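Asker: Let me give you the structure first, and then I'll get to my questions.
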Amino acid sequence: MMVKEALRKKNLKCLIIFDDIQVYKDIEPYIPFTHENNVHTFATTKNGKSSTEGIKVPAFSTEDSLA
């Protein structure tokens, strides 16, 4: 909550990344909402049913991952 309040008060630009979430409601309390366009969030998940808004990316091959 302290981070959310500081971002709101200081109008800072930031990108917040949530990795391997199970469901959106688990991270929702941590996402700061502002009326400005300065806070961006990015979430990854292996749960294909966690969101209706998303981009499905197939698993990378080992060669692609290493590249």
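The values are calculated or read from the model by the stated rules, or taken from the named source; none is laboratory data. Computed from a predicted model, the values in this text were never measured in an experiment. Ideal geometry is used to build each Cβ from the backbone, glycine not excepted, and the neighbour counts take in all protein chains shown. Heads up: the accessible areas ignore ligands, DNA and RNA and are worked out on the full protein's heavy atoms, side chains in. Shrake-Rupley method; radii C 1.70, N 1.55, O 1.52, S 1.80 Å.
Asker: For K4 paired with L66, estimate the spin-label separation in nm (one decimal), with each label point 7 Å from Cα along the Cα-to-Cβ line.
Answerer: So the two model labels end up 4.4 nm from each other.
Asker: Taking volume of the Cα convex hull per residue in Å³ straight from the coordinates, which label in (i) 132; (ii) 49; (iii) 121 is the correct one?
Answerer: Read-out from the structure maps to (iii).
Asker: Nothing charged except the Cβ atoms of Lys and Arg (+1) and of Asp and Glu (-1): what's the magnitude of the dipole of the chain about its Cα centre? Round to the nearest 20 debye. Provide the component values of the computation, followed by the final result.
Answerer: On the way: 9 positive and 9 negative charges, 71 e Å.
It comes to approximately 340 debye.
Asker: Which whole-number value in Å² is the accessible area per residue of the chain, probe 1.4 Å?
Answerer: So the chain comes to 93 Å² accessible per residue, rounded to a whole number.
Asker: As an exercise, use a Förster radius of 30 Å and the Cβ-Cβ distance of I55 and Y30 to find the FRET efficiency, rounded to the nearest 0.05. Spell out each step's value before the answer.
Answerer: On the way: r = 21 Å, r/R0 = 0.71.
The calculated FRET efficiency here is 0.90.
Asker: Shifting gears a bit: Counting only protein heavy atoms and a 1.4 Å probe, tell me what percentage of the chain's accessible area is made up of carbon and sulfur.
Answerer: Carbon plus sulfur share of accessible area: 57 percent.
Asker: What distance in nm separates the simple spin-label points at F42 and D19, each placed 7 Å from Cα in the Cβ direction?
Answerer: Result for the modelled spin labels: 1.2 nm.
Asker: Right, next: Check which residues have an amide H placed less than 5 Å from A43's amide H, if you skip close sequence neighbours.
Answerer: Distant-sequence amide H within range of A43: F18.
Asker: Counting each DSSP H run of 4 or more residues in the chain as -39500 (n - 2.57), what helix-only mean residue ellipticity at 222 nm follows after dividing by all residues, to the nearest 500 deg cm²/dmol?
Answerer: Details: 3 runs with 18 residues, N = 67.
For the chain, the value works out to -6000 deg cm²/dmol.
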